[in-house]
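Structure, as structure tokens:
The values are calculated or read from the model by the stated rules, or taken from the named source; none is laboratory data. None of the values given here were measured: they were computed from a predicted structure. Here the Cβ positions follow ideal geometry from the backbone for every residue, glycine too, while neighbour counts run over all protein chains shown. Side chains included, ligands, DNA and RNA excluded: accessible areas come from the protein's heavy atoms. Shrake-Rupley method; radii C 1.70, N 1.55, O 1.52, S 1.80 Å.
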Amino acid sequence: MKTVNIHEAKTHLSRLIEQAVQGEPFIIARAGKPLVKVTLVEGEPRKRTGFLAGQIDVPVDFDTMAEDEIRALFEGGAT
């Protein structure tokens, strides 16, 4: 893995970052002593949608079921 000193990193930061994006991480050192490793940050983890497909049934009135009772809880009054 490539090691660059702080001055070189400041001078060529754009180029070094582009190389890290392309899969070439690098280390920034001060006086020859490694300080930090610069690598590509991976994207957000993939969301697991549809993993219960076919295993549950959603009622047709799901969006409106119990709306009167819920409204009464917030606004007061009889259910």
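Once the Cβ-Cβ distance of T11 and V36 is raised to the sixth power relative to R0 = 22 Å, the FRET efficiency obtained is 0.85.
Of V38, V58, V21, the residue with the greatest mean-square motion in the GNM of the chain, using alpha carbon springs below 10 Å, is V58. Would you mind telling me the antiparallel percentage of the DSSP bridges in the chain, rounded to 5? Approximately 55 percent, going by the DSSP bridge assignments. The residues of the chain expose on average 91 square angstrom of accessible surface per residue, using a 1.4 Å probe on protein heavy atoms.
With contributions of -39500 (n - 2.57) from each DSSP H run of at least four residues, the per-residue ellipticity at 222 nm computed over the chain stands at -8000 deg cm²/dmol. Expressed as a fraction of 2.2 N^0.38 Å, the value expected for a compact globular protein of N residues, the C-alpha radius of gyration of the chain is 2.38. Taking springs between alpha-carbon atoms closer than 10 angstrom, which of T49, T11, T64 fluctuates most in the Gaussian network model of the chain? Maximum among the listed residues: T64.
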